[in-house]
Amino acid sequence: MKCIVTGGNVKVLGRAVHSLSRIGDELYLEPTESGLSLRTVNSSRSAFASFLFAPLFFQLYQPGGPQPDGELLRCKVHMKSFLSVFRSLPSLEKTVGKCLILLKPRANRLVVQLHCKYGVTKTHNLAFQECERLQAVFDTQRCANSLCAPARVLAEAVVHFPQTLAEVTLGAGPGGKISLRNYVEEEAEPRKTMVTELWLAEDEFQTAAVAPGSRITFCLKEFRGLLTFAEASNLPLTIHYDVPGRPMVFTLDDAVLEVHLVLATLSDPENDLQPPTTNGVSHLPAPSDDFADDLEAYMIAMETSTYEEGSGVPPSPTFPLRTPHPAKSDPEEEEEEEEEEEGAVPGTPPHKKFRSLFFGSVLTPGGPGPAPTQEVLAEDSDGDY
Amino acid sequence: LLQAEIFQEFAVQEESVTFRINLSVLLDCLTIFGTSSLPGTATALRMCYRGYGYPLMLFLEEGGVVTVCKINTQEPDELLDFDFCSTKVVNKIILQSEGLREAFAELDMTSEVLQITMSPDKPYFRLSTFGNAGSAHLDYPRDSDLMEAFHCNQTQTNRYKISLLKPSTKALALSCKVSIRTDAQGFLSLQYMIRNEDGQVCFVEYYCCPDEDITEAEL
C-alpha cells in the first residue's frame, strides 16, 4: 500500500489520528478500494471509530495488490507510535507539505514520511502487526431516531459538562426540544449530586427525527474526541440512536471522508417495559416556571424507583460477544476472542454496564450463528463497511 | 565561552584564572531578581574575584535594589579535555538553529542513542533514533536553506547517548546557529552561537564522545 497526502489534508489526517487516539490503544489501517480506513476500538470494546479517506483525499492512492488469501493487507500499529508522527498539529500545519505512507510487508515496517519545509525529511519506520478486520456491526437504518446539527452546536452544549463526566443522557423532550443531562447513578445521594441539564431548541438542528420521550445514555469522554475533529473540520454531525442498550452511531460525512463513531449505550430494561407515566424517571420534566418543583419531584422519583428482578421480566438481552471464528486465526485474534468470552454475561447484569459492541467478521458473512436462545440485536450491516 | 566584548568592563590581571563554584548556586544568585525579564527593566551585574582562596563576589542591581552575593570557590578539577582539535575535523556543518529546535524537542526519548550521519553523499546529514515505536530519521539535504555551511569529506555514522545530548537543547533554543563537527574518532563538537540584545555573540560548546557499541544502523 502506498499513499501520499498533501497540503491541508496532512493536518486533517493528523487530527483524525488525534481523535482516534482518544479511544483506543491500537490503530488499524485497512486499505480498501473505496479508500484508506483508520479504525480503533477501546479496551472494553464499547466504542469503535473509523475514518474512511476516499482515494480523492490523496494525491496518490495505491491500496496494493491482493495477498495470497485474496484480501488486501491490513495491519495494526501502536496508537502512541503513530500519534508521535503527528504529535504537534500546529507544526504539521506550518512545516509539513507532504506525507507519504508506505506499507513494506517484507521489511515488516510501516513507513510514514513527512516532507517538511527547507527540504527536511522525517521518516518513521513503525513496526506493525497483521490483523483481522476490525468491524463493529451496526446499521444506522435500524436506528429509530436521528439528529443532525453543526458540530459547533454540540460542542457548545458539551462544554457545560465537566471534563471528568463519564456519561451523559440525550433526550427528546416536548416541543421538539432536545436535552442533554449528566447521567446520575440511582445510588447517588440527591443531596450530594449536581444535575446539569440543558435544552436545545429544534431549530438548532438541521434535522431532528426523534420519538418524543426517547432518550439514550452514552459515554461522553469518547464522544469528545470526535466532536473536536468535527468542530475543526466544520462538518455537521449526525446522531443515530435507537432504544437504550443498542449502539448509537455518530457520523460525519463529506466528499472525501466518512467518519463513524459507534458507542454502546446504557440499557435501562425497566423503562422499556413500564408505561412512561408510572414513575418520574422516564418522563423528562420540560423547563417551565415550575422547573424547580419539577426537578424536586423528578429527583424524588429517581430515589424511589425500584429495580425489579425476577418479576417475569425477560433477561436483558446481551450482545453475542463471540466473533465468528475466521478461517484462519492467528494468535492475536485468539487472544481477542478469549477476552470477549470472559465478558459474555447472559441474563441480568448489574444495570449500569456498557456491554461490548458486536464485532462481526465480514470474512464469513454467513458464519456460525449465535446460540438459538440469544437474540441478535445487531445484524451485519450492508456491504460497504 | 563569553567573550570579553560582552562585558562593559573586563579586567583580568593574571594570564588565566580558574576556580570551581557550584553551578546551581551561581544560577540562583544570577536570577535573584526573578527569571522573567520585564520590558524596560535590566539587571546589572558586577563580578569580582580577589584571587585564590577568596569568594566570588556578585553585585546585582535592579531598579535601585542592590544584592551582594558571595560564593565560595573550590579547587578546580581537571578539565575534561576531549582533545578535540579544530584542525582534525573530518566533517563540519553549520545549521540555522530554527531547523533543529523542533526536531530535538520531538526526538524519540525511548531511544537510548542519537545517531548522527554526516556524508558528502545522501543523506548528507541525518539524525536517527531507535526507540520503542521503531526507527525515525531526520534528514537535512546539503542544499537546504537552513544549511549555512556544508563541509563533509567522509561518510561518518556515530552514535551518542541521547541522555548526554538532551541537555544541549536549552542552548539550541537560545541560539541562532549551531556548528556540528566530528573528528576521526567520532568525537562530536556542538557549538551554539547565541546573540544577545546588543548584538554581542557568545558561544556555548558541547563535546560528546561516541557510544562504545557501534552497530549497523537500521534503515
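Readers should treat all values here as calculations from the given coordinates under stated rules, not as data from a laboratory. What you see is a predicted model; the values in this text were computed from it and never measured. Every residue, glycine among them, receives a Cβ derived from its backbone with ideal geometry; neighbour counts consider all protein chains shown.
Quick check: the distance between the Cα centres of segment B:97-133 and segment A:80-97, to the nearest angstrom?
Using only Cα atoms, the two centres lie 16 Å from each other.
Quick check: pseudo-label points 7 Å beyond the Cα along Cα→Cβ at residue B:163 and residue A:156, how many nm apart are they?
5.3
Cross-link partners among lysines for residue A:104, C-alpha distance below 21 Å, same-chain residues fewer than 8 apart left out?
Those lysines meeting the cut-off are A:2, A:76, A:80, A:122.
Expressed in nm to one decimal, what extension gain is obtained for the pair residue B:212 and residue B:173 from 0.36 nm per residue of sequence separation less their Cα-Cα distance?
Result: 11.2 nm gained on full extension.
In whole Å, what is the distance between the alpha-carbon centres of segment A:208-235 and segment A:114-153?
17
Can you work out the Karplus-derived ³J(HN,Hα) for every residue in segment B:92-100? Use 6.51 cos²θ - 1.76 cosθ + 1.60 with θ = phi - 60°, whole Hz, and x for glycine or proline.
Using θ = phi - 60°, the values come out as 9, 9, 10, 10, 6, 4, 3, x, 9 Hz.
How do A:253, B:121 line up, fewest other C-beta atoms within 10 Å first?
Going from least to most buried by this count: B:121, A:253.
What number comes out for the charge environment of residue B:138, summing +1 per Lys or Arg and -1 per Asp or Glu over other residues with Cβ under 11 Å away?
-2
Just to check I understand the Karplus step: with θ = phi - 60° and J = 6.51 cos²θ - 1.76 cosθ + 1.60, what whole-Hz values come out for segment B:184-201, glycine and proline as x?
Karplus-based 3J(HN,Hα) across segment B:184-201 equals 4, 8, x, 5, 9, 10, 10, 10, 9, 9, 10, 9, 8, 4, 7, x, 6, 10 Hz.
May I ask you to sort A:193, B:117 by Cβ crowding, counting other Cβ atoms within 10 Å and putting the fewest first?
Least crowded to most crowded, the residues run A:193, B:117.
Counting other C-beta atoms within 10 Å, which of B:49, A:28 has the fewest, and how do the rest follow?
By the 10 Å Cβ count, ascending: B:49, A:28.
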